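**Student:** Quick one: the structure is below, questions incoming.
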Amino acid sequence: MSSLDSPNNPVLIAGETGVPARVMPRNRTGSALKRADNRAAYMFLLPWLAGIILITALPMLASLYLSFTDYAVIGLPSWVGLENYIRLFTSDRRFITSIWVTLKYVCFSVPLVLLFSLTVAVALNRGLRGLAIYRSLFYVPSLIGASVGIGLLWKEVFGERGVVNAILAWFGVAGRGWINNPTFALPSVIALNVWTFGASMVIFLAALRQIPESYYEAASIDGANAWQRFRRITLPLITPVIFFNTVLLLINSFQSFTQAFVVSNGRGGPVDSTLLYSLYLYQQAFQQLQMGYASAMAWVLLIAIGLATALMFWSSRYWVFYGDR
C-alpha cells in the first residue's frame, strides 16, 4: 500500500486561495465532518425537541402527578394517592355511565363510518366523470364536522321543526325532538360523526386505485361475478388500509367531544344519554374545578385507548394481508 493511501497520512486542507492552510490527518477530517453534520441535524431537530418536551412531555408528567392529588385549580394540590382512581370505579355512577355511552358510540360509529366510506369509495372508483368534484364534496364534511357551527346546525336539523321532521311530514309521519329524546339523542350524534366519513373515503379511494386492473380481468375470465371479485380481490388487498382507518377512527371516537358538547349544551343530556367520556372529563375539570380528578380520568382514557390500539395490532396478524406474506 502506498504511503499516500495510509489512513494516518496527513492531508492538506486548502483555503479559498488554494494555499495549504493547515495539515490534518485524514481520519480526523472525516470525524470532524461527521460532528458538523450531527450539530446541523440537532439544530434542525431543536424546535421539534423543544415542542415535544415543553408542550407534550412536561404537561403529561404534570397531569400524572395531579391525578394523585386533590387540585381545585385555585390553590395548591394536596396529595391523596390512589383516592381519585378508587373513587372513579367505586362511587362515581356518572363515570360508569360515560364509559357505557362512549362504548356504544364507538361500537356503532366506527363500523358505520368504515362502511359508508368504503361504499362511496367503491362507487367513485368506477370511473365517474367529475371524480375530483365528487371527491371534494364528500370530503368537505370531514373538514368541518367537528366544528361548533356544524354542531349547532345539527341541532336545527334534528330539532322539532328541523329538516328531518319536515321530510317525515311529507310522508305523513309525525316528527319529534330527536335531540331532546334520550332514545334518539345518541344516534343523532352518531349520525353526525358518520356524516364526516370523507377522510376515510379518500384514503380508501387511493387504495382502490392502486389495485391492478389485470387482477379483475383475470377473475372475470375465470367466471367471477362482481361480489366475488370484491370479496376475493378488493377486500384482501385493502385490508392494510382498513386497519389504518379503523385505528384512526377508534382513537378519534374515544376522544369525541365537540358534537356531544354542542348538541347537549355541555350537559350530556337528556338523562346523560350523550355523556361521552371526554365531555364528562371536561365537566369535572372546568365546571366542577376538580382538576386532579379529571387528570385521573384522562390517564384512564389514555390507558383504554392504548389497550384498544394494542388489541387492534395484535388481531391484525389474522386478517390484514400484506404483499410480502
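**Student:** Filter the stretch 181-211 for residues that are buried (at least 17 other Cβ atoms within 10 Å of the Cβ) and polar (S, T, N, Q); which is modelled with the highest pLDDT?
**Tutor:** Here the answer is 200.
**Student:** So, residue 241, is that one in contact with a helix residue (DSSP H, G or I) (Cβ under 7 Å, 6 or more places away or on another chain), under 27 Å from residue 59 (Cβ atoms), outside any loop (DSSP other than H, G, I, E, B) and not hydroxyl-bearing (Ser, Thr, Tyr) or not?
**Tutor:** Criteria not met by residue 241.
**Student:** While we're looking at this one, here's another question. Tally up the residues in the stretch 197-220 that are closer than 25 Å to residue 253 by Cα and either of a type in the set (S, T, N, Q) or not assigned by TED's automatic domain parsing to the domain that holds residue 144 (or both), please.
**Tutor:** Number satisfying all stated conditions: 1.
**Student:** Tell me, which residue of the stretch 240-272 that is within 18 Å of the chain's Cα centre (by Cα) and of a type in the set (Ser, Thr, Tyr) is farthest from residue 95 (Cα to Cα)? Write out each step before concluding.
**Tutor:** The initial filter retains those residues of the stretch 240-272 that are within 18 Å of the chain's Cα centre (by Cα), namely 240-260.
If we keep only those that are of a type in the set (Ser, Thr, Tyr) too, we end up with 246, 253, 256, 258.
Details: 246: 26, 253: 17, 256: 16, 258: 19 Å.
Top of the filtered list is 246.
The values are calculated or read from the model by the stated rules, or taken from the named source; none is laboratory data. The model shown is predicted, which means the values in this text are computed figures rather than measured ones. Glycine also receives a Cβ, built like all others from the backbone with ideal geometry; neighbour counts cover every protein chain displayed.
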